[in-house]
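For reference, the structure discussed in these notes is given below.
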Amino acid sequence: MRNTQSTVIGEATLADLRASLKGDVITPHDEEYQLARRVWNGAIDRHPAVVARCTGTADVLSTLEFARSEGLPIAVRGGGHNVAGFGTCDDGLVLDLSPMKGIRVDTSAGTVRAQGGVLWGELDRETQAFGCATTGGLVSTTGVAGFTLGGGIGWLMRRHGLAVDNLCSADVVTADGALVTTSLESEPELLWGLRGGGGNFGVVTSLEFALHPVGPLVVGGAVFHPAESAGELLRFYADWTRSLPDELTTMVVFLTAPPQPFIPAEYQGAPLVAVAVCHTGDTSDALEALVPLRGFGEPVADVIGPMPYVSLQSLFDHSAPYGIRTYWKTAYLDDLDEAGIDELVAQAAALRDLFPLSAVHLHHMEGALTQEPQGGAAFGHRDHRFVLNLIGMWSDDDEHARHVGWVRGAWDAMQRHTTGAPYLNFLGDEGLDRVRDAYGSRAYDRLVQVKRRYDPDNIFRINQNIDPGTT
Ligand SMILES: Cc1cc2nc3c(=O)[nH]c(=O)nc-3n(C[C@H](O)[C@H](O)[C@H](O)COP(=O)(O)OP(=O)(O)OC[C@H]3O[C@@H](n4cnc5c(N)ncnc54)[C@H](O)[C@@H]3O)c2cc1C
């Protein structure tokens, strides 16, 4: 363990920061530091010089001014879920928005405004009190801000679009310390950039989303099949998903069966393949739309039924415990053809030796997310059928090489069956070319222009970086 910091900030300087902030200022000398420097991905082991916990916009302004005057690199943290670990850094300043938990539902406008440290479980709780929701993440502890800035795929996306498609306004502290409110009417190019451009343009202190009537009950859950049936199931899935109503969002998950009562004892701990679903329409329509899936093959478990939307939104939480070590690789697929299915099944077979948490997720896209929102969005790749996420997860450092090796090998093998482009929210720290691929060169070039306007010196660079110097 590292005990020393290579960036030394004088006590008097730190005292100034403490005096100007309402939130906590944490340095390596503080007991809380070991927790404060960490993010969700336990494989990330970085040592910032200081963590500033901001309680509001005033704290953000003071922290930014401090970091700039001290020449410290800045990592902005929303929910801390970023797999690449961009919510922390070595020797710089973490601008931690986690105390900023304000949420306001406006039922007459049909919108919700959330501060930069809100998590999806917190937002869903407030919006569901009014029978509404907006597209959020599959795990309730993911940050609303980081998730939205990278696109935001979730259970509501095929009916209501991605999180970015619902983002109607945001307050942003830009690199020069200005507070900018962006919307379709005011600084619309910044709104376009925030709709997928990551944390490149400033600290987003609050975000406003369009709401939709959802729940409180939806039809959700999953059917589980033995891994041996994965090929047949994927062939069925590739075909079935061509004609689904937009109310129905589904995904395939290759996993190790959890020791849950709904899994027959003989299958607990065995490799399974599941199709998880969410239908937000009428219950009878939902059950009818799901007949082909539930009638297919011989599932070992079928736990699909009406459930509270907030329960569905935390159904995957157990698969992503805080501090688990993880490594992901992602790509879009135009389609699932025979050869792609065979390869995916072959690569997923290795999960037998990588239990219990490593997994493969295949999200079905299409539906409403093929339509750009009014004003457009930097998010690209709306025309692919699926997005693949290869997920290595392990608990002990000595398992690192095995899980990372599998993810990389499986991704290499799948390459020729994918478009090659990554989905930004699932992307690791893979360099500029991969960030460009996540947008396509036209959107990337436009993002560079937005970056030059709002952060020409690349103050916000600990992220999926849009380099203002790129031509
Ligand atoms: C368990 C798990 C489940 C996930 N499920 C989904 C899913 O269902 N769908 C999906 O699309 N993605 C999903 N993701 C990916 C997730 O959306 C991204 O990792 C996202 O970056 C997380 O946002 P965060 O705020 O929690 O993370 P952070 O690590 O805090 O931030 C992520 C990035 O956004 C920037 N950022 C965060 N907040 C702000 C802000 N307020 N202002 C400016 N920049 C900011 C950070 O600087 C960083 O670059 C999941 C990730 C995990 C770990």
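The values are calculated or read from the model by the stated rules, or taken from the named source; none is laboratory data. Everything numeric here is computed off the predicted structure, so don't read it as measured data. Please note: Cβ atoms are built from the backbone with ideal geometry, for glycine as well, and neighbour counts cover all protein chains shown. These area figures cover heavy atoms from the full protein model, side chains too; ligands, DNA and RNA do not enter into them. Shrake-Rupley method; radii C 1.70, N 1.55, O 1.52, S 1.80 Å.
Shown is the FRET efficiency for Glu11 and Asp429, computed with R0 = 25 Å from the Cβ-Cβ distance and rounded to the nearest 0.05: 0.15.
Taking the longest Cα principal axis of the chain as reference, the axis of helix 400-414 is set at about 60 degrees. Between the helical axis of 230-240 and the longest alpha-carbon principal axis of the chain there is an angle of about 80 degrees. Heavy-atom accessible area, probed at 1.4 angstrom with all protein chains present, ranks Lys451, Lys22, Lys101, Lys329 as Lys22, Lys101, Lys329, Lys451, highest first.
Along region 127-141 the Karplus relation, 6.51 cos²θ - 1.76 cosθ + 1.60 evaluated at θ = phi - 60°, assigns HN-Hα couplings of 6, 5, 4, 10, x, 10, 7, 9, 4, x, x, 7, 10, 6, 9 Hz to successive residues, with x for each Gly and Pro.
What are the lysines whose alpha-carbon lies under 23 Å from the alpha-carbon of Lys22, with same-chain residues fewer than 8 places away excluded? Straight-distance partners of Lys22: Lys101.
Across the alpha-carbon atoms of the chain, the computed radius of gyration and Dmax are 21.9, 69 angstrom. Within region 250-293, whose backbone N sits under 17 Å from a point 7 Å along Cα→Cβ of His318? Inside the label zone: 253-277.
The solvent-accessible area of Leu93, taken with every protein chain present and a 1.4 Å probe, is close to 0 Å². Apolar share of the accessible surface for the chain: 50 percent from carbon plus sulfur atoms, 1.4 Å probe.
Classify region 390-471: rounded, prolate or oblate, from the alpha-carbon gyration tensor (a ≥ b ≥ c, eigenvalue square roots; a/c under 1.5 rounded; otherwise prolate if a/b is larger than b/c)? Present the calculation step by step, with values, prior to reporting the outcome.
Details: a/c = 3.84, a/b = 1.79, b/c = 2.14.
Oblate shape, in that a/c is at least 1.5 and b/c is the bigger or equal ratio.
Taking a Cβ cut-off of under 13 Å around Arg382, the surrounding Lys, Arg, Asp and Glu residues balance to a net charge of -2, with basic ones at +1 and acidic ones at -1. Note on Glu65 and Arg453: with the Förster distance fixed at 25 Å, the Cβ-Cβ geometry gives a FRET efficiency of about 0.80. Legend: residues His381, His225, sorted from most to least accessible area (1.4 Å probe; ligands, DNA and RNA excluded), read His381, His225. Estimated at 0.36 nm per residue, the fully extended path between Gln260 and Ala401 surpasses their Cα-Cα distance by 47.9 nm. Overall shape: oblate for region 278-364, with the ratio a/c of the largest to smallest alpha carbon gyration tensor axis at 1.5 or above and b/c at least equal to a/b.
Note the full-extension length gain between Ala346 and Ala58 as 0.36 nm times their separation in residues minus their Cα-Cα distance, in nm to one decimal. Don't skip to the answer; put the middle values down first.
Numbers: separation 288, 0.36 × 288 = 103.68 nm, distance 5.32 nm.
That pair, Ala346 and Ala58, stretches by 98.4 nm at full extension.
What the chain shows is 38 Å² of accessible area per residue, with the surface traced by a 1.4 Å probe over protein heavy atoms. Modelled label positions at Glu228 and Ser284, each set 7 Å beyond Cα in the direction of Cβ, lie 4.0 nm from each other. Per-residue surface analysis assigns Ile9 an accessible area of about 20 Å², computed on protein heavy atoms at 1.4 Å probe radius. Scanning residues 5 or more positions from Gly117 or on other chains, those with amide H under 5 Å from its amide H are Met100, with H placed 1.01 Å from N in the peptide plane. Remark: accessible surface ordering of Trp155, Trp328 (largest first) is Trp328, Trp155, probe radius 1.4 Å.
When a/c is below 1.5 the answer is rounded, else prolate if a/b is larger than b/c, else oblate, so apply that to region 217-426 with a ≥ b ≥ c taken from the square roots of the Cα gyration tensor eigenvalues.
Here region 217-426 falls in the rounded category.
Helix 338-348 axis versus longest C-alpha principal axis of the chain: approximately 70°, rounded to the nearest ten.
If R0 is taken as 25 Å, the Cβ-Cβ distance between Asp176 and Ser108 corresponds to a FRET efficiency of 0.10.
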